[in-house]
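Undergrad: Here it is, the structure, as structure tokens.
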Amino acid sequence: MNRHFVGDTAVLLGRSLRHIARSPDTIITTVITPIAMLLLFVYVLGGAIQAGTGSYVNYLLPGILIITIASGISYTAYRLFLDLQGGIFERFQSMPIARSAVLWAHVLTSMVANLISLVVVVLVALAMGFRSGTGVLGWLAVLGILVLFTLALTWLAVIPGLTASSVDGASAFAYPLIFLPFVSSAFVPTASMPGPVRAFAENQPVTSIVNSLRALFAGQPVGSGIWTALAWCVGILVLAVVFAGAAYRRRVN
Amino acid sequence: MQGLEKSFKQLRVLRGVDFDVARGSIFALLGSNGAGKTTLVKILSTLLKADAGSAVVHGFDVAAQAADVRESISLTGQFAAVDEILSGRENLTLVARLRHLKDAGTIADDLLRRFSLTEAGGRRVATYSGGMRRRLDIAMSLVGNPPVIFLDEPTTGLDPEGRLEVWRAVKELASGGTTVLLTTQYLDEAEQLADRIAILHEGRILVNGTLDELRKLLPPAKVEYVEKQPTLEDVFLSLVGAAANGEPR
């Protein structure tokens, strides 16, 4: 590893964070859809949804957090694409820096921006009556899963960021990710769904992740589902890093 | 720079290119769009790898010693590669930090002064004119005084005043001992700036020499009497007043 890797990454991270600080609309637009869904489902549709005994906002929040991350990472692809298009990426690559620092700075920026968005959404949920009986360890476990999931989706976002030919293309890939939670246990229990849909819902990544988060928030045992959730996150992460690396090498050579 | 040789093929963009650039000189690579100028600059600045052939920049092989090459060069690409959201000063300190220099702030302030950007230094680059962006872009290339600078079409898209500003900056560079490899599609730009000129066409160097040498390629000049009309550039500059605060040509 290049001896300047840490320093260069820190300098470039500072640059991207300054971008976010100067255009906080990227945080606002990231959280506005999840918050609108939270309001819609809790106050409009929630009354008609049978989702266990607890309050519906408690049931809903894990899925909303997943949607928050899915919409947040489209900005990662967007920022990376703009750097490539504007030529500043090439300027950095022609300088005596650790070259991988350019990508890592974007990845870390994505982590910070998404964590800020997640905190905002959780605060809104708390104001709407969300309560968790879990302790510090439970919250840390929730944080760990969310960080791992953000990291996996961020590397996924690096692929369109490096390969897209237009701004729209770079950020549009996130839309299917935002809708994946609808066909999962995020909004309603999967037991109410017809056979094939239920089979899909129960075997896609969002359901295991949402169920694990829900159990952690409720202070219940997570069971073997958490291993499925972690396996999905790590699997997506590994595949995304491999493909992002390939896209990056195509760019550089 | 000890010498630079290059012959390689890549998508037949460059079909065997050889030339040397003397240390401390301005070398202009002249060619129309698609002649392969940018590809050549990208290979020399280690952004692309050549398929065949070799190149040496400041004594370092671009393929085998890419890190040393990047230590010795800086690149100003075809589009002003500046960060729009940061201020001019922040752009300069960013580059200084990435070059691992001390006193990034002092370096930034010096360059802002040299390129008459001190007043604009605190403003976001998004508010700059095209000429100011280019000046900032070139200033960013000078951070750390790299011995070799690549300028890829530095005046494309600039208005006449912006071009003159950039020309002045490039001349200053070479007088300070920096080796400049400049690509351009403007004939007068090569004529104004370069010590040597090479014409790149369809991936090959057609000719390479000083302006006088190139002139000798054509039949000797014949004397003609032509009424001396002011050029449109003369008219434009005298109307907008750029000629007043600097030597125009």
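Undergrad: Residues in segment A:144-160: is at least one at pLDDT below 85, buried (at least 20 other Cβ atoms within 10 Å of the Cβ) and of a type in the set (Gly, Ala, Ser)?
TA: Looking for residues that are at pLDDT below 85, buried (at least 20 other Cβ atoms within 10 Å of the Cβ) and of a type in the set (Gly, Ala, Ser), one finds none in segment A:144-160, hence no.
Undergrad: Still on this structure, I have one more. What is the residue count in segment B:9-24 for residues that are open to solvent by 20 Å² or more (accessible area, probe 1.4 Å) and more than 12 Å from every other protein chain (Cβ to nearest Cβ)? Outline the logic, then answer.
TA: Here is the first cut: in segment B:9-24, the residues open to solvent by 20 Å² or more (accessible area, probe 1.4 Å) are B:9-13, B:15-16, B:18, B:20, B:22-24.
Applying the additional criterion that residues be more than 12 Å from every other protein chain (Cβ to nearest Cβ) yields B:9, B:11-13, B:15-16, B:18, B:20, B:22-24.
The total comes to 11.
Undergrad: So A:Val188 ticks every box in (1) farther than 30 Å from A:Ser55 by Cα; (2) away from chain B (no Cβ under 14 Å); (3) at pLDDT below 85 but one. Which box is left unticked?
TA: Only one criterion in (1) farther than 30 Å from A:Ser55 by Cα; (2) away from chain B (no Cβ under 14 Å); (3) at pLDDT below 85 is unmet by A:Val188, namely (1).
Undergrad: Moving to a separate point now. Out of A:Arg79, A:Arg18, I need the residue that is within 12 Å of another protein chain (Cβ to nearest Cβ), within 22 Å of the chain's Cα centre (by Cα) and free of Cβ contacts under 8 Å to residues at least 12 places away in the same chain. Which one?
TA: A:Arg18
Undergrad: Mind checking which residues of segment A:212-245 are crowded, with 19+ Cβ neighbours inside 10 Å and either in contact with a Phe, Trp or Tyr (Cβ under 9 Å, 6 or more places away or on another chain) or at pLDDT 90 or above (or both)?
TA: Once the filter is applied, which keeps residues that are crowded, with 19+ Cβ neighbours inside 10 Å and either in contact with a Phe, Trp or Tyr (Cβ under 9 Å, 6 or more places away or on another chain) or at pLDDT 90 or above (or both), segment A:212-245 yields A:Ser212, A:Leu213, A:Arg214, A:Leu216, A:Phe217, A:Ala229, A:Trp232, A:Cys233, A:Ala240, A:Ala244.
Undergrad: Being away from every other protein chain (no Cβ under 14 Å), open to solvent by less than 10 Å² (accessible area, probe 1.4 Å) and either closer than 30 Å to B:Arg134 by Cβ or in a loop (DSSP other than H, G, I, E, B) (or both), is that true of even one residue in segment A:118-131?
TA: The answer is yes, given that some residue of segment A:118-131 is away from every other protein chain (no Cβ under 14 Å), open to solvent by less than 10 Å² (accessible area, probe 1.4 Å) and either closer than 30 Å to B:Arg134 by Cβ or in a loop (DSSP other than H, G, I, E, B) (or both).
Undergrad: Scan (1) in a loop (DSSP other than H, G, I, E, B); (2) within 13 Å of chain A (Cβ to nearest Cβ) for the single condition B:Thr38 breaks and write down its number.
TA: B:Thr38 satisfies every listed condition except (1).
Undergrad: Right, something else. What number of residues within segment B:133-159 are in contact with a Leu (Cβ under 6 Å, 6 or more places away or on another chain), surrounded by fewer than 21 Cβ atoms within 10 Å (Cβ to Cβ) and either assigned to a helix (DSSP H, G or I) or acidic (Asp, Glu) (or both)?
TA: Qualifying residue count, segment B:133-159: 0.
Undergrad: Still on this model: Looking at segment B:49-82 only, could you name the residues that are of a type in the set (Asp, Glu) and in contact with a strand residue (DSSP E or B) (Cβ under 9 Å, 6 or more places away or on another chain)?
TA: First pass over segment B:49-82, keeping only residues of a type in the set (Asp, Glu): B:51, B:61, B:68, B:71.
Scanning segment B:49-82 gives B:Asp51, B:Asp68, B:Glu71.
Undergrad: Please go through segment A:232-249 and give me each residue that is within 14 Å of another protein chain (Cβ to nearest Cβ) and touching a residue at least 12 places away in the same chain (Cβ under 8 Å), ordered by number.
TA: Within segment A:232-249, just A:Tyr248 meets the criteria.
Undergrad: Another question, if that's okay. Could you please give the count of residues in segment A:164-221 that are assigned to a helix (DSSP H, G or I) and of a type in the set (S, T, N, Q)? Spell out the reasoning first.
TA: Residues of segment A:164-221 assigned to a helix (DSSP H, G or I): A:167-172, A:174-183, A:190-192, A:195-202, A:205-218.
Going one step further and asking which of them are of a type in the set (S, T, N, Q), we end up with A:171, A:190, A:192, A:207-208, A:211-212.
Count: 7.
Undergrad: Right, another one. Identify, please: which residue in segment A:21-42 is among the hydrophobic types (A, V, I, L, M, F, W, C) and surrounded by fewer than 16 Cβ atoms within 10 Å (Cβ to Cβ) and is, among those, farthest from the other protein chains (Cβ to nearest Cβ)?
TA: The selected residue is A:Leu40.
Undergrad: When you go through (1) more than 14 Å from chain B (Cβ to nearest Cβ); (2) among the aliphatic types (A, V, I, L, M); (3) open to solvent by less than 10 Å² (accessible area, probe 1.4 Å) one by one for A:Val102, which number turns out not to apply?
TA: Against the list (1) more than 14 Å from chain B (Cβ to nearest Cβ); (2) among the aliphatic types (A, V, I, L, M); (3) open to solvent by less than 10 Å² (accessible area, probe 1.4 Å), A:Val102 comes up short only on (1).
Undergrad: Out of (1) under 17 Å from A:Trp232 (Cβ atoms); (2) free of Cβ contacts under 8 Å to residues at least 12 places away in the same chain; (3) open to solvent by 70 Å² or more (accessible area, probe 1.4 Å), what's the single condition that is false for A:Ala199?
TA: Going through the list (1) under 17 Å from A:Trp232 (Cβ atoms); (2) free of Cβ contacts under 8 Å to residues at least 12 places away in the same chain; (3) open to solvent by 70 Å² or more (accessible area, probe 1.4 Å), A:Ala199 breaks only (3).
Undergrad: Restricting the first residue to segment B:159-180 and requiring it to be over 15 Å from B:Asp137 (Cα atoms) and at pLDDT 80 or above, which pairs with a second residue that is acidic (Asp, Glu) and surrounded by 15 or more Cβ atoms within 10 Å (Cβ to Cβ) meet a Cβ separation below 7 Å and a spacing of at least six or different chains?
TA: That search, which allows pairs on different chains as well, returns B:Pro160/B:Glu233.
Undergrad: Please verify whether A:Leu12 is within 10 Å of chain B (Cβ to nearest Cβ), buried (at least 24 other Cβ atoms within 10 Å of the Cβ) and either in a helix (DSSP H, G or I) or of a type in the set (Ser, Thr, Tyr) (or both), treating the condition exactly as stated.
TA: Spelling it out, A:Leu12 is indeed within 10 Å of chain B (Cβ to nearest Cβ), buried (at least 24 other Cβ atoms within 10 Å of the Cβ) and either in a helix (DSSP H, G or I) or of a type in the set (Ser, Thr, Tyr) (or both).
Undergrad: Looking at (1) buried (at least 17 other Cβ atoms within 10 Å of the Cβ); (2) over 27 Å from B:Gly105 (Cβ atoms); (3) not hydroxyl-bearing (Ser, Thr, Tyr), can you tell me which one B:Gly77 breaks?
TA: With respect to (1) buried (at least 17 other Cβ atoms within 10 Å of the Cβ); (2) over 27 Å from B:Gly105 (Cβ atoms); (3) not hydroxyl-bearing (Ser, Thr, Tyr), B:Gly77 is out only on (2).
Undergrad: For a quick check of your reading: which helices (runs of 4 or more DSSP H) sit entirely within segment B:42-132 and have at least 2 residues that are within 7 Å of another protein chain (Cβ to nearest Cβ) and modelled with pLDDT of 90 or more?
TA: Correct list: B:88-98.
The values are calculated or read from the model by the stated rules, or taken from the named source; none is laboratory data. Worth saying up front: this structure is predicted, and the values here are computed from it rather than measured. Neighbour counts are summed over all protein chains in view; Cβ atoms, including those assigned to glycine, are modelled from backbone coordinates with ideal geometry. Keep in mind that these areas ignore ligands, DNA and RNA; they rest on the heavy atoms of the full protein, side chains included. Shrake-Rupley method; radii C 1.70, N 1.55, O 1.52, S 1.80 Å.
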